Amino acid sequence: MIPISVCIITKNEADRLEKCLQALKPYPFEIVVTDTGSADQSVEIAKKYTDHVHEFTWINDFSAARNFCVSHASHNMILSLDTDEFIRPFDWDKLQDAIAAHPKALGAIELISYFDVDGKTKQQISRLERIFNRRHYHFVNPIHEVLAPLGNIISSSYEAPVSADHVGYQGTEEQLRKKAERDIDLVRSEIEADPENPYLHFQLGQGYMLMRDHAGALSHFRRAMQLHPAPGADYTLMLLCNYAGILLDENLTDEAAGVLPYRESFSDSKDFLCLAGRIYLQMGQPLKALPEFVQALSAPKYSLEDPRTPSYYVGFIYEMFGKRDIARTHYENCNGFPPAVNALKRLDNA
């Protein structure tokens with residue numbers, strides 16, 4: 001067996017920490033917890049699950065805290081988690097096989113993040129590199145930290161058979177505001193040192209999104225777009241969707257259409273294809289919108305959109321054209337998707 005240490009940094013999240021650690025109990029992980037200054041029961045809760053509990057004086061640097069935590073692990077293979085991430089049940093043997101097949105690569109776990117928007121809970125699915133051998137990688141960046149190779153190793157990654165629920169974007173307005181303000185302050189200090197980095201401006205926009213300040217978010221997303229984010233960067237799709245989504249909500253459709261040149265890079269993404277379709281619809285071009293939604297039906301990747309969205313929009317466009325029978329078929333294929341349910345009621349009452 002390849003021994004694995006789970007490394008967690010925490011501060012004042014006792015309830016979430018307990019849930020996070022409880023989810024790890026069924027597996028033979030070593031658990032290492034680093035507290036960065038909690039005033040609640042976090043340390044006491046951590047000691048219920050592990051003897052490896054350490055304290056780190058906070059210096060506004062998440063990478064420093066994570067590297068400190070990793071340094072206290074007994075094993076070289078590390079799974080890094082946040083307090084607000086709860087591992088879903090998984091196959092231990094499959095994880096062992098994946099690590100054995102990629103001993104010097106980064107394992108990307110599936111993260112399902114939840115958001116409360118207008119009284120509804122939405123989710124975003126992403127993959128983040130969290131499994132690594134500490135002899136080959138360490139954390140860099142004070143905030144929105146990432147794993148970087150040590151020495152001359154060439155970084156590579158694989159999809160690890162591990163999923164986790166992430167609830168860090170849920171909470172009271174006051175909780176989210178404090179978290180966003182902390183992140184914004186840290187990102188601003190990074191931008192002062194690296195003002196032409198589009199990723200940092202994207203993250204600044206994300207901070208304002210967390211506070212539901214879409215006007216503030218839009219100004220920073222615009223700056224990120226002006227700096228030409230690379231299509232292959234792991235944040236670019238979310239930037240495009242959030243940036244253009246705000247613009248569509250504000251009826252700034254011509255500016256939103258500026259993301260369409262990225263289509264070739266994201267032709268396998270339901271998220272981007274649905275975004276392109278919405279842009280064409282809002283431009284009054286349903287004949288251009290329809291192929292986008294049709295292709296989205298079979299697109300293999302999605303992280304933001306409900307996978308039923310393309311079928312709903314195909315039905316919506318056919319309804320616009322007066323093809324109600326075809327529209328009904330697509331609405332029924334949505335299996336209870338709320339906009340499709342309302343559309344079926346509309347057809348029934350027509």
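A few points about this structure:
- Qualifying positions in the range 204-257 - charged (D, E, K, R) and over 26 Å from residue 108 (Cβ atoms): 212, 213, 222, 223, 249, 250, 254, 255
- Set 287, 304: member being in the same structural domain as residue 255 (by TED's automatic domain parsing) and part of a helix (DSSP H, G or I): 287
- Per-region count, the range 335-350, residues in a helix (DSSP H, G or I) and over 13 Å from residue 308 (Cα atoms): 8
- For the residues 305, 292, the requirement of being within 19 Å of residue 237 (Cβ to Cβ), in contact with a Gly (Cβ under 8 Å, 6 or more places away or on another chain) and charged (D, E, K, R) singles out 292.
- Residue within the range 71-86 that is farther than 28 Å from residue 187 by Cα, in the same structural domain as residue 13 (by TED's automatic domain parsing) and touching a helix residue (DSSP H, G or I) at 6+ places or on another chain (Cβ under 9 Å) present: yes
- Filtered residue count, the range 207-241, keeping only those that are under 25 Å from residue 264 (Cα atoms) and either not in a loop (DSSP other than H, G, I, E, B) or not charged (D, E, K, R) (or both): 22
- Hey, residue 337 more than 30 Å from residue 205 (Cα to Cα), among the aromatic types (Phe, Trp, Tyr) and free of Cβ contacts under 8 Å to residues at least 40 places away in the same chain or not: no
- Filtering the range 75-117 to residues that are among the hydroxyl-bearing types (Ser, Thr, Tyr) and at pLDDT 95 or above leaves 80, 83.
- Only one entry in 39, 23 is out of contact with any helix residue (DSSP H, G or I) (no Cβ under 9 Å at 6 or more places or on another chain), assigned to a loop (DSSP other than H, G, I, E, B) and either among the β-branched types (Val, Ile, Thr) or modelled with pLDDT of 95 or more (or both), namely 39.
- Per this entry, residue 199 is counted among residues that are crowded, with 18+ Cβ neighbours inside 10 Å, within 21 Å of the chain's Cα centre (by Cα), over 30 Å from residue 89 (Cβ atoms) and modelled with pLDDT under 95.
- Residue in the range 316-334 that is touching a helix residue (DSSP H, G or I) at 6+ places or on another chain (Cβ under 9 Å), under 19 Å from residue 125 (Cβ atoms), in a helix (DSSP H, G or I) and assigned by TED's automatic domain parsing to the domain that holds residue 216 present: no
- Scanning the range 290-301 for residues that are in a helix (DSSP H, G or I) and closer than 27 Å to residue 120 by Cα yields 292, 293, 294, 296, 297, 298.
- Residue in the range 262-274 that is over 30 Å from residue 141 (Cβ atoms), in contact with a helix residue (DSSP H, G or I) (Cβ under 8 Å, 6 or more places away or on another chain) and either surrounded by 20 or more Cβ atoms within 10 Å (Cβ to Cβ) or among the acidic types (Asp, Glu) (or both) present: yes
- Within the range 167-195, being of a type in the set (Gly, Ala, Ser), without any contact (Cβ under 8 Å) to a residue 40 or more places away in the chain and assigned to a helix (DSSP H, G or I) holds for 180, 193.
- Residue within the range 313-328 that is at pLDDT 95 or above, over 24 Å from the mean Cα position of the chain (by Cα) and closer than 29 Å to residue 166 by Cβ present: yes
- Hits in the range 152-193 (condition: aliphatic (A, V, I, L, M) and more than 21 Å from the chain's Cα centre (by Cα)): 153, 154, 191, 193
- Looking only at the range 249-260, and only at residues there that are assigned to a helix (DSSP H, G or I) and surrounded by fewer than 18 Cβ atoms within 10 Å (Cβ to Cβ), the one that is farthest from the chain's Cα centre (by Cα): 254
The values are calculated or read from the model by the stated rules, or taken from the named source; none is laboratory data. Values in this document were obtained by computation on a predicted structure and should not be read as measured data. Using ideal geometry, Cβ is built from the backbone for each residue, glycine included, and neighbour counts are taken over all protein chains shown.
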